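Data first, discussion second: the structure below is written as structure tokens.
The values are calculated or read from the model by the stated rules, or taken from the named source; none is laboratory data. Keep in mind that what you see is a predicted model, and the values were worked out from it rather than measured. Counting neighbours? That spans all protein chains shown, and the Cβs are built from the backbone with ideal geometry, glycine included. Just so you know, the surface numbers come from the protein's heavy atoms only, side chains and all, with ligands and any DNA or RNA stripped out. Shrake-Rupley method; radii C 1.70, N 1.55, O 1.52, S 1.80 Å.
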Amino acid sequence: MAKRFAGTKTEFKFRVWFFALLFCISYLCYAFDKENAAQTVANWLAIQFPRFNDIIWVRIVLSAAAALVFVAATIRTWGTSYLHASVMHDSKLHTDRLVADGPFRHVRNPLYLGNVIMGFGMGMTMSCVGFFLLVIGMFIFTYRLILREESELSESQGESYREYCSAVPRLLASLSSGVPSAGNVPNWLDGFLGELMFWGFGVSIVVLAVTLRGLPFECVLWISFMLPWLTQILRRKPAISAPSPPQ
């Protein structure tokens, strides 16, 4: 059953584009559902707790949404600092080694956990229908990718990976570590640069909470989508030309 539900090679290879498509479709729900999810929650809170009006409440709701995205960015940065951004952005599935350090001692898929948490935060900037579409779609697609990776890791790593799976939860992180540290050293700069897009998402919601205007939010949001490619360009070292032989 798990293998039937697992994602395909195409889904994993183009996972970034599938996530981007899910975002776009979720935002397009504004075409028939005009009510913003954060505004809907704020209107309900203003009725239940009239001490603050709906404007203050919508800022509070958006601030909470931004906090969720920053939590997601922190988890993903922690994971990427051990996994390394080059592996995280690669279209190929890496099964040659098992990373069991940092957040991987508490949850087997910290990056995907960050995706799910991020979905709840970013969903507050969408319509109500868009919110549910993003959250549900993010969870289903993420779970398919997890099953794909686990299947191949089980085949390549064998019993050691199965023991790891029995000690560390798949997606609901445990406060206590399930395995001892492997002694790997995190590269925090690499992790932060690799997750700039998620940090940008959080900043975009902060901008929305402060301005309550769509245009500044959209500018920061779409720039955030471009950050992974910009950082990859900056990471590339210029080719060193061979010295010319003496004349």
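Pairs of alpha-carbon atoms within less than 8 angstrom and 6+ residues apart define the contacts here; what relative contact order does the chain have, in percent?
On the way: 336 pairs, mean separation 69.8, N = 247.
Answer for the chain is 28 percent.
Among I223, I60, I47, the largest mean-square fluctuation in a Gaussian network model of the chain (Cα springs under 10 Å) belongs to I47.
Placing unit charges on each Cβ (+1 for Lys and Arg, -1 for Asp and Glu) gives the chain a dipole about its Cα centre, and among V203, F14, G121 the Cα reaching farthest toward its positive end belongs to F14.
Among Q39, Q48, Q157, which one shows the biggest mean-square fluctuation in a GNM of the chain, springs joining Cα atoms closer than 10 Å? Of Q39, Q48, Q157, the Gaussian network model singles out Q48 as fluctuating most.
In region 1-78 the Cα-Cα distances spread across 10 Å bins starting at 0 as 15, 25, 33, 19, 7, 0 percent of all pairs. Here log10 I(q)/I(0) by the Debye sum over Cα atoms at q = 0.09 Å⁻¹ was calculated from the structure, and among (1) -0.34; (2) -0.45; (3) -0.61 it sits at label (2).
Using only the heavy atoms of the protein chains and a 1.4 Å probe, how would C29, C219, C128 rank by accessible area, largest first?
Reading off the accessible areas and sorting them downward yields C219, C128, C29.
For the pair S176 and F32, a Förster radius of 41 Å applied to the C-beta separation gives a FRET efficiency near 0.35, rounded to the nearest 0.05.
The GNM of the chain, with springs linking C-alpha atoms under 10 angstrom apart, assigns the highest mean-square fluctuation among W199, W44, W78 to W44.
3J(HN,Hα) couplings calculated from phi for region 13-30 with the Karplus curve 6.51 cos²θ - 1.76 cosθ + 1.60 (θ = phi - 60°) are, in sequence order, 4, 10, 4, 4, 6, 5, 5, 5, 5, 4, 4, 4, 4, 5, 5, 5, 5, 4 Hz; Gly and Pro show x.
Given R0 = 35 Å, the distance between the Cβ atoms of R51 and L21 translates into a calculated FRET efficiency of 0.25.
Before I look further, what does the chain give for accessible area per residue, probe 1.4 Å, in whole square angstrom? Each step should come with its number before you reach the end.
Working: 13700 Å² over 247 residues.
Accessible area per residue, the chain: 55 Å².
Peptides 64-77, 169-182, ordered by how many other C-beta atoms sit within 10 Å of their residues on average, highest first, read 64-77, 169-182. Share of carbon and sulfur in the accessible area of region 112-165 stands at 66%, probe radius 1.4 Å. If the chain linking R4 and S156 were pulled fully straight, counting 0.36 nm for each residue of separation and taking away their Cα-Cα distance, it would gain 52.8 nm. Taking Cα centre as origin and charging only the Cβ of basic (Lys, Arg, +1) and acidic (Asp, Glu, -1) residues, the dipole magnitude of the chain rounds to 160 debye.
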